[in-house]
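The next block holds one structure in the form of structure tokens; read it before the comments.
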Protein chains: 4
Amino acid sequence: MIVVMAPHATQEQIRDVERRIQEWGYGAHPIYGAERTVIGAVGVPEADKARYMESLEALPYVERVIAILRPYKFASREFHPDGTVVDVRGVPVGGREVVLMAGPCTVETYEQTYASAKACRAAGASILRGGAYKPSTSPYSFQGLGVEGLRILRDIADCFQMRVITEVMDVRNVDLVAQYADILQIGTRNMQNYDLLREVGRSRTPVLIKRGMWARIEEWLQAAEYVLLGGNPNVILCERGIRTFETYTRNTLDLSAVPAVKELSHLPVIVDPSQGTGKRSLVTAMARAAVAAGADGLLVEVHPHPEEALKDGAQSLTCSQFEQLVAEIRPIVAAVGRTLHAPDAG
Amino acid sequence: MIVVMAPHATQEQIRDVERRIQEWGYGAHPIYGAERTVIGAVGVPEADKARYMESLEALPYVERVIAILRPYKFASREFHPDGTVVDVRGVPVGGREVVLMAGPCTVETYEQTYASAKACRAAGASILRGGAYKPSTSPYSFQGLGVEGLRILRDIADCFQMRVITEVMDVRNVDLVAQYADILQIGTRNMQNYDLLREVGRSRTPVLIKRGMWARIEEWLQAAEYVLLGGNPNVILCERGIRTFETYTRNTLDLSAVPAVKELSHLPVIVDPSQGTGKRSLVTAMARAAVAAGADGLLVEVHPHPEEALKDGAQSLTCSQFEQLVAEIRPIVAAVGRTLHAPDAG
Amino acid sequence: MIVVMAPHATQEQIRDVERRIQEWGYGAHPIYGAERTVIGAVGVPEADKARYMESLEALPYVERVIAILRPYKFASREFHPDGTVVDVRGVPVGGREVVLMAGPCTVETYEQTYASAKACRAAGASILRGGAYKPSTSPYSFQGLGVEGLRILRDIADCFQMRVITEVMDVRNVDLVAQYADILQIGTRNMQNYDLLREVGRSRTPVLIKRGMWARIEEWLQAAEYVLLGGNPNVILCERGIRTFETYTRNTLDLSAVPAVKELSHLPVIVDPSQGTGKRSLVTAMARAAVAAGADGLLVEVHPHPEEALKDGAQSLTCSQFEQLVAEIRPIVAAVGRTLHAPDAG
Amino acid sequence: MIVVMAPHATQEQIRDVERRIQEWGYGAHPIYGAERTVIGAVGVPEADKARYMESLEALPYVERVIAILRPYKFASREFHPDGTVVDVRGVPVGGREVVLMAGPCTVETYEQTYASAKACRAAGASILRGGAYKPSTSPYSFQGLGVEGLRILRDIADCFQMRVITEVMDVRNVDLVAQYADILQIGTRNMQNYDLLREVGRSRTPVLIKRGMWARIEEWLQAAEYVLLGGNPNVILCERGIRTFETYTRNTLDLSAVPAVKELSHLPVIVDPSQGTGKRSLVTAMARAAVAAGADGLLVEVHPHPEEALKDGAQSLTCSQFEQLVAEIRPIVAAVGRTLHAPDAG
């Protein structure tokens, strides 16, 4: 790290910072400029850096402290140069194949989920999505069927040889959800719910971490670091849009996060164009763009009758629209030199 | 709510929307314009509105649905025209008095907390703040002393006749934290952790909800609605800065949220200028501004030796700086016709 | 438009709003709800709407006024259902072909521009970009060669049968720049420089309007409306990233703006992945994604020796990287059923 | 500046960067860490820094380049430790006195401007604001009376011994507007209109630069640097809100910019709570807060009949509301140890 001293820092103050760095056991290398002195601290391990930076920044004669290394280690590509492929009970996420995860926003009934799953599977989805526990801005919105929803998901996914991804919101439910799900989804609002991250870090079930709508890429990778550090190496990232001043779309889907994550990290990254735009009419175009940008998969909301959906109908595709989406991404997948993962034969 | 039909919606489609609204039991009032038809839906109760809006928005011949009423009820000033005063074991928050909450960012040791509390109490703070469970972006940062921190806080607060505010992050800890704390703080990252909001809604201990760094005022009030709906009427709001493109400050403290909350809601609102700016040099000016804007209190980080703090030293005031802050806000408090709450005599 | 009355508006106040609407010559249709009265105003022409909305919003017994129609007319797809193809001296922008615009950020020397143009033309670019007048955040940065830069651009473009796009910043230079350029570029910082928009509206030279880094899509289309209303129908839009809290990229490239513009407007829309990311390593992936999202073209910075560039070297591709970019987008162009525009034979 | 080398940069590449720095005539000081080498460059003058930073960042073996010094000089407090007081024909802005600038958003008629000016002057405003040239997002909104508006402003200001502040948008009008105005206002949309900044830099008339709604504080100070560098030392800054995701307010008024500017720069800074909130009901609270935060003045929109205003009526105070605002800020002014500037006796 680099310590920038305040404009009129005295020799004594510079010496004080050097001494602190050395007392912690690291090298201190001052560079004297005309208007500022900066001090490079060499050898500070990741585990101590945040603390030491904060400590130096608190000194009145320090202007700021600049981190040189990224604030995560296990999530970084430097640590693990090859890309990680997460094995979701036989479905590889992060390899040469592009994987489709699709299904209803929320599990409402057996019939609705069945109809959605059937169509998604037929169109090429390997993984069934669906919310049993739903985070809702309004306390008056539908909050999900809970464990009954988990059972429906598992049952129907098994019918179609699909895997299950579903959100876990409550630390107390991690084991329960892991009994039914093949991927534990951490929703955007919980990206910095550290107790939850620690809890899924104790599991071996793959974890998909949606980007917090307020989160810088660096913070998202730090969230992944919590899970990796907990001992669970099966982390998938999911870009789902960030919050900006634009109001035409519900979020601003930041597709540059896809190649950015690929250069910073070894973890797979997929894209949710449904949440990312909030508008059915934009989903397919953004699905194409996501694959072209290098996404390892897509997470798409599909409802047999969007106008009857209890949540997010406006961004759900109909079954035939999803079929059309797959038809449109197929040549894009080929254009980037990949193949679409084919669901297991039934 | 107002349903705006798509540009070329047919008579039949307009009738379909009217019929849906009527089938739900509400009045449908179409207005035919030259380029758009809009339909007003009258009588839709809050508890059903979110669902019906989503359902109509999912129709392909509906352009959008506009809510006319605010999406919260118990948090609204219309529901409760007089301002709410939350009683924190005898300290009234939201009344004529401005209340000071201060203390270290994090409880590190008994001595550090004692020194901070002593100085804060002497300067005029009635409520002792301090983190026992700390949310940290980095898994390598200090995560707090846990229950040991709670005990230290309670013990020292009692020495000085102060109340205790501390953050609860984990649903499993709500009862535990409530044994030690007089206010349960919901941190910015957990503003939309609905399980946690429901859990503190079951308590009778006052709850302080920090604004999510990504949250619109409306969403913040919906978070309060979760707690109120759960049965806990003792909700305090705390503006602590939102995330913007500005990088000089850690967050952008949105002081206009103070008068905005006052017109939209009956709940007390306080301001955290420490988190809100992330820079010690700006804290006092923003504390003055917060009180001038109408805040019911302040939440300030004070550390006897900021450069030794394990977290957030750069934004912590020293004890003498806090004393100076109180000296500077005292005439502002008077200028807005209020008084500073005096801590209990010891 | 829809006028939402304040909660406790009296019958008299409701009547007052109705009367105002009727006096302006429009229809007023009140809908009485339990908690709010709303009044639909029918027949208000675009040219008067902004004014009337502001006037009603200023009344103390009006809560807010909601526009139903989009605040632009000539830029809307409803006005002009077919997509517009802008003819750039024989190069069609907005049709079935995807058009490449490439060249150096800034014209520095004849040699540098020549080398860049030659390579861009060889790789498939039809339009040469290059700044003669450069907007720079710092007054100490290079500000461009001015008219000498324009001459270099024109001369070299003619050598290679290319068209020229270059930025005009100063209203006094519009005619001068139009003598040399085939497309007048309005930079992001000038998207709401209305005098400049009016001035290029008087020209017949095609105008490319970059999205303001702070601009909602609606405001961007209103900027186009200024030019169209001025009489110049040859408007191209260019998404170049918006400003968000993310700092890893220089801007957040909002690719959802591409399909959004396509549904709201008939104007062509291209994408600038160089400005949009600010990082060379991300440009090609975002170029692929832009084409997949439906962009009508790309605007790319290419420098023979980026490390010698006077501006924006970090986001400029080398000549061989640009060649690679074209190789990578070619199959994407085909995948979306389009073809790459081939430069004129020399 | 600090050059951070890419992770696996070779000795030769490190030497190459050192050589480049030395060839430019500066000192190069490498620090070798375990995972990164950084090189401090010492002695680089402000005028060359932007260029050299960009040049090094373009090298593929450089990860990033970090500026240590602020990218402005004449605007910095280090350059000019004492605060600047701008003399507006006898009215001092930036000294011990707080100055009120008020008047209509737009000059519509002589009568409306007269009524507003009279009331503002009576309440304590020394400087009359009013737009003759209005930037409007919609081309269908009122665009101002132009030179006729300037004449009205001047005439009425002279009646009341007031000074005039009005916006100049077009480089061609700078001399014209300076004939009538005592302060040339650069609007938020033109904060990075560099031709305009250069043009007002040639004037000696005081210039007020509104913060761009997308601008970081650093960029705002760089805009001031353009004017100062042009030779005009009479620069006043005006915070008027930035664009964020919040939609309840029109902008998010960033009051922390007030103490931030005070520590970074010697220039006076005032606040516009009308544009900053867009809501009449919030203006007075934010005016109080602005003064408490240390603002040197306020810029407030006042209209005798807001509901008849051609622009921005919803954020304009009535004359009696402005009188009330002044009554409420008076004790705040005193509380921060300042006095309200008294208008000249008539």
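Table for the structure above
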read-out: Mean separation of Cα contacts under 8 Å, 6 or more apart, over the residue count of segment A:2-67: relative contact order %; value: 46
read-out: Square roots of 5 times each gyration tensor eigenvalue, C-alpha, segment A:179-280, largest first, Å; value: 23, 14, 12
read-out: Count of Lys pairs (Cα-Cα under 24 Å; at least 8 positions apart or interchain) in chain D; value: 13
read-out: Translational D in µm²/s for segment C:226-286 (Stokes-Einstein at 25 °C, 0.890 mPa s, Kirkwood Rh from C-alpha pairs); value: 193
read-out: For A:64-70, mean number of other protein chain Cβ atoms within 10 Å; value: 4
read-out: Percent of alpha-carbon pairs separated by more than 47 Å within the protein assembly as shown; value: 35
read-out: Pairwise centroid distance, computed over Cα atoms, of segment A:156-200 with segment B:186-253, Å; value: 24
read-out: Chains A and C together, accessible area buried on both sides, 1.4 angstrom probe, square angstrom; value: 3000
read-out: All Cα pairs of segment B:2-67, percent lying beyond 20 Å; value: 15
read-out: Inter-copy separations for A:Tyr61, label at 7 Å along Cα-Cβ, nm, ascending; value: 3.8, 6.7, 7.7
read-out: Nearest-first distances (nm) between copies at B:Ala34, label 7 Å from Cα via Cβ; value: 3.8, 6.7, 7.4
read-out: Chain A - mean residue ellipticity at 222 nm from DSSP helices (-39,500 (n - 2.57) per run, n ≥ 4, rounded to 500); value: -11000 deg cm²/dmol
read-out: Solvent-accessible area per residue for segment D:86-340 (1.4 angstrom probe, square angstrom); value: 25
read-out: Computed label-point distance, nm, for sites A:Gln324 and B:Asp16 using a 7 Å Cα→Cβ extension; value: 1.5
read-out: Per-residue average of Cβ from other chains inside 10 Å of D:303-313; value: 4
read-out: Sequence-separation-based contact order of chain C, relative, with Cα cut under 8 Å and 6+ spacing, percent; value: 17
read-out: For q = 0.13, 0.14, 0.20, 0.21 Å⁻¹, Debye-computed log10 I/I(0) when each Cα of segment A:34-186 counts as one equal scatterer; value: -0.74, -0.78, -1.16, -1.23
read-out: Where only alpha carbons of segment B:110-257 are counted, the Rg and the Dmax (Å); value: 15.5, 43
read-out: Long-range amide H partners of B:Val88 with built H, under 5 Å; value: B:Val93
read-out: A:Leu184 long-range amide H proximity, modeled H, under 5 Å; value: A:Val207, A:Leu208
read-out: Descending semi-axes in whole angstrom, ellipsoid equivalent of chain D, from the Cα gyration tensor; value: 43, 20, 19
read-out: Other copies of A:Ala327: label-to-label distances in nm, shortest first, labels 7 Å along the beta-carbon direction; value: 3.3, 7.1, 7.7
read-out: Percent carbon-and-sulfur accessible area, segment D:124-280, ignoring ligands, DNA and RNA, probe 1.4 Å; value: 45
read-out: Average beta carbon contacts from partner chains per residue of B:280-288, 10 Å cutoff; value: 6
read-out: Karplus-derived HN-Hα couplings along segment D:119-126 (A = 6.51, B = -1.76, C = 1.60, θ = phi - 60°), whole Hz, x at Gly and Pro; value: 5, 5, 4, 5, 7, x, 7, 9
read-out: Sulfur and carbon atoms: percent of accessible area, segment B:2-67 [1.4 Å]; value: 48
read-out: Cubic angstrom per residue, convex hull over Cα atoms of segment C:69-110; value: 140
read-out: Percentage of interatomic Cα-Cα distances in segment D:240-328 larger than 20 Å; value: 34
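The values are calculated or read from the model by the stated rules, or taken from the named source; none is laboratory data. Since this is a predicted model, take the numbers as computed values, not measurements. Every residue, glycine as well, gets a Cβ built from its backbone with ideal geometry; the counts of neighbours run over all protein chains shown. Keep in mind that these areas ignore ligands, DNA and RNA; they rest on the heavy atoms of the full protein, side chains included. Shrake-Rupley method; radii C 1.70, N 1.55, O 1.52, S 1.80 Å.
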